[in-house]
1. Relative to the longest principal axis of the C-alpha atoms of the chain, give the angle of the C-alpha long axis of helix 68-77, reported between 0 and 90° and rounded to the nearest 10°.
2. Place +1 on the Cβ of every Lys and Arg and -1 on the Cβ of every Asp and Glu in the chain, take the dipole about the Cα centre, and give the residue among MET108, THR168, SER190 whose Cα lies farthest towards its positive end.
3. Please build a GNM for the chain, connecting alpha carbons under 10 Å apart, and tell me which residue among LEU211, LEU96, LEU17 fluctuates the most.
4. Rounded to the nearest 0.05, what FRET efficiency do GLU62 and ALA14 give with R0 = 22 Å and r taken as the Cβ-Cβ distance? Could you check?
5. Using a 1.4 Å probe on the protein chains only, how many percent of the accessible area of the chain belongs to carbon and sulfur?
6. Which one, LEU213, LEU200, LEU142, has the greatest fluctuation when you compute a Gaussian network model over the chain with C-alpha springs under 10 angstrom?
7. Test of understanding: in a Gaussian network model of the chain with alpha carbons linked when under 10 Å, which of TYR56, TYR15, TYR207 would top the mean-square fluctuation ranking?
8. Which length gain, in nm to one decimal place, applies between VAL84 and ALA3 when the Cα-Cα distance is subtracted from 0.36 nm times their residue separation?
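The values are calculated or read from the model by the stated rules, or taken from the named source; none is laboratory data. Quick caveat: nothing in here was measured; it's all calculated off a predicted structure. Cβ coordinates were reconstructed from backbone atoms using ideal geometry, including for glycine residues, and neighbour counts include every protein chain displayed. Quick note on the areas: whole protein, heavy atoms, side chains included, nothing else; ligands and nucleic acids left out. Shrake-Rupley method; radii C 1.70, N 1.55, O 1.52, S 1.80 Å.
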Amino acid sequence: MSAEPVGSQYVRMAYHLSISPATIRGAMKRLEEEGLLGHPHTSAGRVPTEAGYRYYVDALMEPEPIAPATRRALDRKLRKDDWVIEDLQKAAAEALAQLSGQLAMVAMCPRSGAPIRHVHIGGAENIAAQPEFQTADRLRGLVTLLAEPEHLTRALDAFADSGSVRVTIGRELGEEAMRACSLVGTGIESHGFRGSLGVLGPVRMPYPRLLSLVSYMGERLTEFS
């Protein structure tokens with residue numbers, strides 16, 4: 001996907017619609033007036049706004065079932081009974097990054113331990129390859145974000161008490177360096193540890209697939225004590 005604005009002709013052809021481009025343009029204009037689509041530059045194309053993505057996630061989206069091959073791949077990565085917590089975090093972050101195609105983050109600590117202060121990251125190359133981060137300013141912001149992980153730690157920590165998967169989009173993350181990103185995350189807790197995990201990527205994310213993947217990873221991690 002190019003992350004470029006799209007026009008009525010593209011929408012008509014991509015989704016095999018029988019209505020005219022003029023009808024599609026009218027619908028897109030109404031969505032723009034409602035703040036759900038944006039017009040980033042002088043081209044005729046539109047892109048969803050943060051409000052548009054929020055409406056999609058809250059009102060339209062249905063989680064996508066995890067493919068059996070993906071489930072088996074994740075299970076193989078975590079097939080061990082005597083994990084040390086540091087190694088488990090690293091393995092989980094690497095597996096989640098590989099299967100999501102995004103930046104994966106896992107932060108865990110013993111239930112009786114100090115507050116979580118470090119996040120394990122996997123797949124930095126995934127987010128760096130996204131079209132949204134190819135401009136100099138965006139790439140510089142991403143490098144800063146990865147070099148100073150306290151921003152990621154704070155964002156992920158907001159999910160620590162969440163009992164289910166949630167999505168935080170753009171400005172909702174509260175970090176200027178993450179304005180172009182969305183985070184799909186969940187809290188995790190077992191008899192031996194607590195924490196959170198999630199995937200970070202551009203606001204243009206495959207949310208239905210990622211919600212199911214993050215949820216399943218969280219369920220698997222809670223099985224370890």
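1. With rounding to tens, the tilt is 40 degrees.
2. THR168
3. LEU17
4. 0.65
5. Carbon plus sulfur share of accessible area: 53 percent.
6. Among LEU213, LEU200, LEU142, the largest mean-square fluctuation in the Gaussian network model of the chain belongs to LEU142.
7. In the Gaussian network model the winner is TYR15.
8. Result for the pair: 25.2 nm of gain on full extension.
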